[in-house]
Structures are given as C-alpha cells and as structure tokens.
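Values in this text are rule-based calculations from the coordinates and carry no lab data. As the structure is a prediction and not an experimental result, all values here were calculated from the model. Every residue, glycine as well, gets a Cβ built from its backbone with ideal geometry; the counts of neighbours run over all protein chains shown.
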Amino acid sequence: MAVQEIQLPLIDLSGYIDPKSPGDRERVIAEVRDACAKFGFFQTKGHGISLDLQKGLLNSIDTLFNLPKEEKRSLSFLQNVSRRGYEESGMSLRDGDKLPDSKEAFYIGREDPVVEHAGFYGPNVWPPLPEDQFRTPVWNYYQATHNLGSIIWEILLQGLGHPISVMESFAKKPMVMMKMIRYPPLAATLPGQFGVGAHTDFGGVTVLLQQPDKHGLEVWLDDKEDWVPVKAVEDVYVINCGDMIMKWSGGAYKSAKHRVINKADNESRLSCATFFHGDVFATNPLNPDDPVKETVGQLLIKRFGNQFSLSDEWKREVKAAA
Ligand SMILES: O=C(O)CCC(=O)C(=O)O
Ligand SMILES: [Fe+2]
C-alpha cells in the first residue's frame, strides 16, 4: 500500500510569527485550518524554538530517567496533589488495552507557589539534580512551548473567524502541562505492548518534540483506515488538536487517534509533549456563543475523573465554579 508515503502537512510558522509580506499570516492561518480539519495533526518548522533549547531539554530528560529507580519512585506523581512528578512504566492502561504502556514519564506544569483549586494549580516537583542540569533547561523549554501553544491557539481561533483578543479571557492563567517521556527499546517491551497505546489527546493544543531519528509515532487516518508513521526529524515539531478542540469547534478541527511504538530494538526513545489547555474556568473560545458553558476544568475531570481518582474536593470546586 502507498500509505507509508503519506506525509502530514509541513507548515512553516515563520510566516505567522514573523510575517514578511501582507498575506503571510492569512496563508498560515489557512494552512493550519486545513491541516487540522483534515488530519487533526501537522508538522511544523519556523516555530521559533531554538535548537539549543530542544537539545538542552533532551539532555535533561535523559539525565532524569537515568536516575536510580528508587530515586525516581520517590518523586511519584501519585503522591502529588497537582499530579506533578514521576510516572513509572506500566502505570497507564486504557480501557480496551491488553497491556499497560511501556513508557515512563515525568510531569511539570505551571509553577504556582500554592495549591489552588484543589490541585489544578500548584508547585512542581523537581528532582534532586543540579539546577543547570535539569530545572533551568526544562523550565526555559517549558516557557518556549507554552508560548508556541498559545500561538497555535491564536491561529486556530482566527481560522474559525474569531479575533485574537478571545485569547485574553481564555488564557489568563492557562493550564499547560508538560510530559517528558522515555520509551524502552523495543526488545525490552512485551509482545503486543505499546509505548503509548492508541488514544486521543484530551484537551487543547499539543506541541510534541520527538528525539531526532527516534521514530515511533503513528497517526490514524480515517479515510485511509490505516496508521501512518510520523518521522522524527530534527527541529520539526508535531502539533495536534485534542478532544476539547474537536468538541468546541463542532468538529471543524479533528482530534486524531495516535500511538507510539519505539521502532529501535536496542535504543530508548525520548519525547516531550506540552499540552496547552486553557484557564480552569474558561469556556469555549472557538464558539463564544456556545450555549453549553462547560469549562476546561470540567472537561478535564470528565475525561480523567475515573482514570486518575481525583479528589472529591477537586471535583466539588470545579462544579461549584461552573
Ligand atoms: O511520544 C510521542 O511521540 C507521543 C506521545 C503522546 O501521544 C502523548 O503523550 O499523548
Ligand atoms: Fe498523545
């Protein structure tokens, strides 16, 4: 089948970030709209995130996951009310999957000094590594992808005819979670086990960095009824829309199923996904007239409520604020 030759659109964002002539921005807005309508995914260059930041982040992820198992376990995200910290291999199992994900992950988010809204906002967990080896490069990178996520949201809003100003009320204090991931070599996974099993992303915009040449991501294309590999190319990001965007855009933008199988027998694979959701109490920015006033927080709880045993306090607060 020719399916292997299908490539996701590659969009140069510099036309939007740093337009050189009239019409550049409109062109990028149209390209992003078409890609998200057709695939829910695209690849991008000209995104404004320096290679130094990308390399610094990948080094930090490598250092983190090379810490002794016990040390990593002591940073468990299950002990943290804001779900920041370490997730061990084998802890994620989706309904319908036979085996849990082989990946291990580490989560950070907004750095809020105190826990608020029972855990939507709060401080991060930082591993006991020298600042210049972990916290500084990771935080700098987080801010850069936070910025890129916001730009993509802006573009998506304009693609449906809304002004950029909608972002002001949507993202005053946006929930932006970052997930650093390591996939074990293929030889170390069980037959039939995935790095990350087939899923759609929950929320808003996902900004994904794949370690260069460490292939493994596959996207489901409805019209081909097949999985399409997305090559891991240096300095090329993968952007995709989550379920919240699909719902809020009335299906104009797709949230596509994807999965990861590390293709390398003897080498691990690193990646990092930044999920730009929006303010916990924000409602639909893609259709401000939407009569359903469901908030980002409520949608998050609906999706993860059962999976992640959220505290009742959390659920009550978000309900009360609706
Ligand atoms: O590692 C990747 O390439 C994708 C990860 C992913 O889909 C996710 O964490 O939601
Ligand atoms: Fe995903």
Post the alpha-carbon centroid distance, segment 259-279 to segment 197-235, in whole angstrom.
9
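What helices does the chain hold that run 30 Å or longer along their axis, going by alpha-carbon atoms, with a Kyte-Doolittle average of -1.0 or more, using DSSP H for the helix calls?
Numbers: long enough: 135-159 (35 Å, -0.13).
Going by DSSP H runs, the hits are 135-159.
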Here the averaged projected area of segment 118-166, based on the convex hull of its alpha-carbon atoms and given in nm², is 5.0
Let me check the size of segment 1-156 from its C-alpha atoms; what are the radius of gyration and Dmax in Å?
19.1, 56
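Nearest 5 percent is fine: what portion of the DSSP beta bridges confined to segment 63-201 is antiparallel?
Here the antiparallel bridges make up roughly 90 percent for segment 63-201.
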For the chain, with a Gaussian network of springs between Cα atoms less than 10 Å apart, report the residue from 203, 90, 109 with the top mean-square fluctuation.
90
By per-residue mean of other Cβ atoms within 10 Å, what is the highest-first order of 125-131, 271-277?
271-277, 125-131
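Please report the projected area of the chain's Cα convex hull averaged over all directions, in nm².
Numbers: hull surface 66.8 nm².
Seen from a random direction, the Cα hull of the chain projects 16.7 nm² on average.
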Amide hydrogen neighbours beyond the local backbone of residue 8, cut-off 5 Å, H modeled:
none
Long-range HN-HN contacts of residue 228 with modeled amide H, under 5 Å:
219, 220, 221
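With a 10 Å Cβ neighbour count serving as the proxy for reagent exposure, in which order, fewest first, do 104, 294, 168 appear? Please report the intermediate quantities before stating the final value.
Numbers: 104 22, 294 15, 168 10.
Lowest count first: 168, 294, 104.
For the residues 162, 215, what sequence is obtained by ranking on other C-beta atoms within 10 Å, fewest first?
On the way: 162 16, 215 19.
In order of increasing Cβ crowding within 10 Å: 162, 215.
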With 10 angstrom as the radius, rank 180, 244, 167 by how many other C-beta atoms surround their C-beta, starting from the fewest.
167, 244, 180
Taking placed amide H atoms and a strict 5 Å upper bound, the residues 5 or more places from residue 92 or on another chain that come that close are 101
Residue-wise, which Karplus ³J(HN,Hα) couplings in Hz belong to segment 202-218, taking 6.51 cos²θ - 1.76 cosθ + 1.60, θ = phi - 60°, and x for glycine or proline?
5, x, x, 8, 10, 10, 10, 9, 9, 4, x, 6, 9, 6, x, 6, 9
When the Cα centres of segment 33-65 and segment 121-163 are compared, how far apart do they sit, in Å?
11
